[in-house]
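Engineer: Sharing a structure, written as structure tokens. Questions coming.
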Amino acid sequence: MTGTAEEPNPVRRARRADAARNAAALLVAARELFEEHGPDVALDDVARHAGVGNATLYRHFPTREDLLAAAYAEEADALCRRGEALRDELPPGEALFAWLDGFVVHVATMRALALAASASSDDRRSQLFRRWHESMTSTAQSLLVRAQGAGAVHPDLTVGDLLSLTNAAALASTGTGHARHLVRILRHGFEVTSAP
């Protein structure tokens, strides 16, 4: 018997592998070009940079917003994974501030991309951004609670305070270096220090 679930069609498997490679190449190209030129870069340039045709780009990402959302998704997921790794690698307070350093750089570098991708009223994309926001809030909350338990940060600091102030630093900054500097200043207000 041929074509069974146990014996997938090798041609179909090859097509799926090609499609996955093309989608990955498009996302790499999009992130590189968005970083260099901003989210308004021509989609033809993205396809050309990825080494695929326009039809391939539109098959995977029918609209600019779909491509922006996909490019943003990987960055947001990577930031959450980094938070999980930091919990195992560093003491609680250091893990929290190392993650905030990455978070502020993420917001500072991706803000135009995030705003452009979420500007559409498409509910599917809105759900994606809601999921990423919840994931990042959950990651920050976990790191914060651990740092508070260790006495490294003020016990009355909420995750909302933490992310709002860090977001504000990113949005007010003139670049990633400045954003990181602003978070270092905020750190002095977050941390518990012994009295002189």
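The values are calculated or read from the model by the stated rules, or taken from the named source; none is laboratory data. Quantities reported herein were computed from a predicted structural model and do not represent experimental measurements. Ideal geometry is used to build each Cβ from the backbone, glycine not excepted, and the neighbour counts take in all protein chains shown. For accessibility, only protein heavy atoms count, side chains too; no ligands or nucleic acids. Shrake-Rupley method; radii C 1.70, N 1.55, O 1.52, S 1.80 Å.
Engineer: What size of dipole, in debye to the nearest 20, comes out for the chain about its Cα centre when the only charges are +1 on Lys and Arg C-beta atoms and -1 on Asp and Glu C-beta atoms? Let's see the in-between values first.
Structural biologist: Working: 21 positive and 25 negative charges, 54 e Å.
It comes to approximately 260 debye.
Engineer: Taking the Cα atoms only, what angle lies between the long axis of helix 92-118 and the longest principal axis of the chain, rounded to 10 degrees?
Structural biologist: Taking Cα atoms only, the helix is inclined about 50 degrees.
Engineer: Which angle between 0 and 90 degrees, to the nearest 10, do you get for helix 10-37 versus the longest principal axis of the chain when only C-alpha atoms count?
Structural biologist: 50 degrees
Engineer: In nm, what is the difference between 0.36 nm times the number of residues separating A42 and L90 and their Cα-Cα distance?
Structural biologist: Values: separation 48, 0.36 × 48 = 17.28 nm, distance 4.18 nm.
Separation in residues times 0.36 nm, less the Cα-Cα distance, equals 13.1 nm.
Engineer: Taking only protein heavy atoms and a 1.4 Å probe, what accessible area per residue, in Å², does the chain have with all protein chains in place? Show your work: numbers first, answer last.
Structural biologist: Working: 10940 Å² over 196 residues.
Here the per-residue accessible area is 56 Å².
Engineer: Report the full-extension gain for the segment D77 to H188: residue separation times 0.36 nm, less the Cα-Cα distance, to one decimal in nm.
Structural biologist: Details: separation 111, 0.36 × 111 = 39.96 nm, distance 2.81 nm.
This chain segment gains 37.2 nm when fully extended.
Engineer: Here's a follow-up. How tilted is helix 159-172 with respect to the longest principal axis of the chain? Cα atoms for both, answer in degrees (0 to 90, nearest 10).
Structural biologist: 70 degrees
Engineer: What is the ratio of the Cα radius of gyration of the chain to 2.2 N^0.38 Å, with N the residue count, to two decimals? Walk me through the numbers before you get to the answer.
Structural biologist: Working: Rg = 20.5 Å, N = 196, 2.2 N^0.38 = 16.3 Å.
Relative to the 2.2 N^0.38 Å estimate, the chain comes out at 1.25.
Engineer: What 222 nm value per residue comes from the helices of the chain, counting each DSSP H run with n ≥ 4 as -39,500 (n - 2.57) and dividing by all residues, nearest 500 deg cm²/dmol?
Structural biologist: Details: 8 runs with 152 residues, N = 196.
Counting only the DSSP helices, I get -26500 deg cm²/dmol.
Engineer: Can you tell which of R180, R13, R111 shows the greatest fluctuation in a Gaussian network model of the chain with Cα springs below 10 Å?
Structural biologist: Fluctuation is largest for R13.
Engineer: A follow-up question, please. Computing the accessible area with a 1.4 Å probe over protein heavy atoms, can you report the carbon and sulfur percentage for the chain? Write out the running numbers ahead of the final one.
Structural biologist: On the way: 5850 of 10940 Å².
Here it works out to 53 percent.
Engineer: Now a separate question. Of V183, V159, A78, which is farthest towards the positive pole of the chain's charge dipole, taken about the Cα centre with +1 and -1 on the beta-carbons of Lys, Arg and Asp, Glu respectively?
Structural biologist: A78
Engineer: What nm distance separates the two modelled labels at N9 and Q141, each placed 7 Å from Cα along Cα→Cβ?
Structural biologist: 4.6 nm
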